[in-house]
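Peer 1: The structure under discussion is supplied below as structure tokens; questions concerning it will follow.
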Amino acid sequence: PGAAARLTARGLVRRYGGIEAVAGVDLTAPPGRITALIGPNGAGKSTLFDCLAGTVRPDAGRVLLGGREVTRRPAHARVRLGLARTFQQIAVFPTLSVADNVRVGAEQRPGARRDARAVDAATGRALALVGLQELAAQPAGEQPTGVLRLVELARALAGDPRVLLLDEPAAGLDTAQTARLVAVLRGLADRGMALLLVEHDPDLVAELADTVYAMADGRVVTHGPAGAVLADARVARAWGPDR
Ligand code: ATP
């Protein structure tokens with residue numbers, strides 16, 4: 001993948017029956033920044049993520065990755081262009097070791113099939129980055145949720161992405177794991193990666209995000225610097241007070 005890249009949505013629309021799950025969204029996740037997507041259940045965050053990742057085809061609008069139009073490119077083609085994601089629902093191979101789960105991500109790298117040592121190195125780097133070296137040989141199926149989130153993150157990082165989509169990366173993490181996650185994500189942004197995450201915890205969003213997009217009913221209600229958006233009364237109405 002190489003150079004820094006931004007991910008952009010322009011006028012994205014996705015309908016399910018009569019519902020506009022995503023109703024005309026413009027959004028940019030620039031390199032070197034952590035961008036957070038917030039909003040109540042059903043706001044359209046997951047559908048937007050799926051459109052960006054390429055697992056759902058939008059009904060209208062465009063997706064640009066590193067200046068290239070990818071709207072009609074399938075998910076695996078976007079992976080090759082440097083897009084990685086993690087999911088709200090954790091999906092690891094339970095009988096494989098932690099390291100072999102991460103290796104699956106390293107094998108997505110261009111040319112990986114011809115270069116086993118590069119795959120090993122990328123796997124090791126990703127494990128170290130999230131602090132999983134000591135669990136590398138353990139079966140993934142025996143790990144608690146907090147560890148599995150980190151396995152998924154390491155798997156995404158092993159592909160050396162330019163843009164990383166994270167769907168509720170801190171769900172199920174304890175305080176120490178969350179602190180680790182924050183440090184890892186900040187480090188990735190500092191090295192030029194573009195990060196876009198869906199997160200429900202306002203404290204974590206405030207700590208982590210540079211820019212926040214608040215969604216409700218398929219639309220971006222407001223976006224801007226994290227502090228300003230989190231203080232916005234419209235966001236409080238849509239998002240709180242039960243959060
Ligand atoms: P959550 O925080 O609960 O994950 P969300 O913000 O991610 O919510 P979406 O899951 O994108 O919201 O859902 C947006 C709207 O689209 C909802 O009304 C939902 O019921 C609808 N929707 C999403 N996916 C589908 C689908 N595959 N079929 C039908 N309707 C869907």
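Peer 1: Mind telling me which of the residues Leu185, Leu148, Leu153, Leu135 ends up being among the aliphatic types (A, V, I, L, M), touching a residue at least 12 places away in the same chain (Cβ under 8 Å) and in contact with a Leu (Cβ under 7 Å, 6 or more places away or on another chain)?
Peer 2: Working: Leu148 fails: in contact with a Leu (Cβ under 7 Å, 6 or more places away or on another chain); Leu153 fails: in contact with a Leu (Cβ under 7 Å, 6 or more places away or on another chain); Leu135 fails: in contact with a Leu (Cβ under 7 Å, 6 or more places away or on another chain).
Being among the aliphatic types (A, V, I, L, M), touching a residue at least 12 places away in the same chain (Cβ under 8 Å) and in contact with a Leu (Cβ under 7 Å, 6 or more places away or on another chain) holds for just one of Leu185, Leu148, Leu153, Leu135, which is Leu185.
Peer 1: Ok, one more. Quick one: how many residues across segment 18-68 are within 16 Å of the ligand (Cβ to nearest atom), farther than 14 Å from Gly218 by Cβ, under 16 Å from the mean Cα position of the chain (by Cα) and not hydrophobic (A, V, I, L, M, F, W, C)?
Peer 2: The qualifying residues number 3.
Peer 1: Give all pairs with beta carbons closer than 8 Å in which a residue from segment 83-108 that is at pLDDT below 95 meets a residue that is surrounded by 22 or more Cβ atoms within 10 Å (Cβ to Cβ) and among the acidic types (Asp, Glu); count only pairs at least 6 apart in sequence or on separate chains.
Peer 2: Between residues of segment 83-108 that are at pLDDT below 95 and residues that are surrounded by 22 or more Cβ atoms within 10 Å (Cβ to Cβ) and among the acidic types (Asp, Glu), the close pairs are Thr86/Glu152; Phe87/Glu152; Ile90/Glu152; Ala91/Glu152; Val92/Glu152.
Peer 1: So Asp201 passes all but one of these: (1) under 16 Å from Leu129 (Cβ atoms); (2) within 16 Å of the ligand (Cβ to nearest atom); (3) at pLDDT below 90. Which condition number does it fail?
Peer 2: (1)
Peer 1: What are the pairs with Cβ atoms under 9 angstrom where one residue, in segment 168-181, is under 16 Å from Ile34 (Cα atoms) and the other, located anywhere, is in a loop (DSSP other than H, G, I, E, B) and small (Gly, Ala, Ser)? Sequence gap at least six, or different chains.
Peer 2: Thr178/Ala170; Arg180/Gly131; Leu181/Ala170
Peer 1: Do you know which residues across segment 223-243 are within 16 Å of the ligand (Cβ to nearest atom) and either modelled with pLDDT of 95 or more or assigned to a strand (DSSP E or B) (or both)?
Peer 2: Answer for segment 223-243, where residues must be within 16 Å of the ligand (Cβ to nearest atom) and either modelled with pLDDT of 95 or more or assigned to a strand (DSSP E or B) (or both): just His223.
Peer 1: Further question: Test Thr71 against the stated conditions and say whether it is more than 16 Å from the ligand (Cβ to nearest atom), within 16 Å of Arg219 (Cα to Cα), hydroxyl-bearing (Ser, Thr, Tyr) and not in a helix (DSSP H, G or I). Outline the logic, then answer.
Peer 2: Working: more than 16 Å from the ligand (Cβ to nearest atom): yes; within 16 Å of Arg219 (Cα to Cα): no; hydroxyl-bearing (Ser, Thr, Tyr): yes; not in a helix (DSSP H, G or I): yes.
Spelling it out, it is not the case that Thr71 is more than 16 Å from the ligand (Cβ to nearest atom), within 16 Å of Arg219 (Cα to Cα), hydroxyl-bearing (Ser, Thr, Tyr) and not in a helix (DSSP H, G or I).
Peer 1: Hey, can you tell me all the residues within segment 8-58 that are acidic (Asp, Glu) and surrounded by fewer than 16 Cβ atoms within 10 Å (Cβ to Cβ)? Spell out how you get there, then give the answer.
Peer 2: Within segment 8-58, the subset acidic (Asp, Glu) is 20, 26, 50.
Hit for segment 8-58 is Asp26, nothing else.
Peer 1: What are the residue pairs meeting all of these: first residue in segment 44-73, first residue farther than 16 Å from Asp26 by Cβ and among the hydroxyl-bearing types (Ser, Thr, Tyr), second residue within 12 Å of the ligand (Cβ to nearest atom) and assigned to a strand (DSSP E or B), Cβ atoms under 7 Å, and 6 or more apart or on different chains?
Peer 2: Hits for this filter: Ser46/Asp167.
Peer 1: Something else: Please indicate, with yes or no, whether at least one residue in segment 116-123 is over 17 Å from the mean Cα position of the chain (by Cα) and among the basic types (Lys, Arg). Lay out the reasoning, then the answer.
Peer 2: First, pick out the residues of segment 116-123 that are over 17 Å from the mean Cα position of the chain (by Cα): 116-123.
Of the ones still in play, those that are also among the basic types (Lys, Arg) are 117.
Among the residues of segment 116-123, at least one is over 17 Å from the mean Cα position of the chain (by Cα) and among the basic types (Lys, Arg), which makes the answer yes.
Peer 1: Also, quick follow-up: Working only within segment 111-128, note down all residues that are touching a Leu at 6+ places or on another chain (Cβ under 9 Å) and surrounded by 20 or more Cβ atoms within 10 Å (Cβ to Cβ). So that I can check it myself, show each step before the final result.
Peer 2: Initially, segment 111-128 is screened for residues touching a Leu at 6+ places or on another chain (Cβ under 9 Å), giving 122, 125-127.
Hits for segment 111-128 are Ala122, Ala126, Leu127.
Peer 1: Sticking with this one: Would you tally the residues in segment 1-10 being farther than 13 Å from Ala194 by Cβ and either touching a Lys or Arg at 6+ places or on another chain (Cβ under 7 Å) or within 16 Å of the ligand (Cβ to nearest atom) (or both)?
Peer 2: Here is the first cut: in segment 1-10, the ones farther than 13 Å from Ala194 by Cβ are 2, 10.
So of that shortlist, the ones also either touching a Lys or Arg at 6+ places or on another chain (Cβ under 7 Å) or within 16 Å of the ligand (Cβ to nearest atom) (or both) come out as 10.
Total satisfying the criteria: 1.
Peer 1: Can I ask one more? For segment 32-64, which positions are touching an Asp or Glu at 6+ places or on another chain (Cβ under 9 Å) and hydrophobic (A, V, I, L, M, F, W, C)?
Peer 2: Ile34, Ala36, Leu37, Ile38, Ala43, Phe49, Val56, Val63
The values are calculated or read from the model by the stated rules, or taken from the named source; none is laboratory data. Keep in mind that this is a model prediction, so the values were computed, not measured. Positions of Cβ are backbone-derived with ideal geometry, glycine not excepted, and every protein chain shown enters the neighbour counts.
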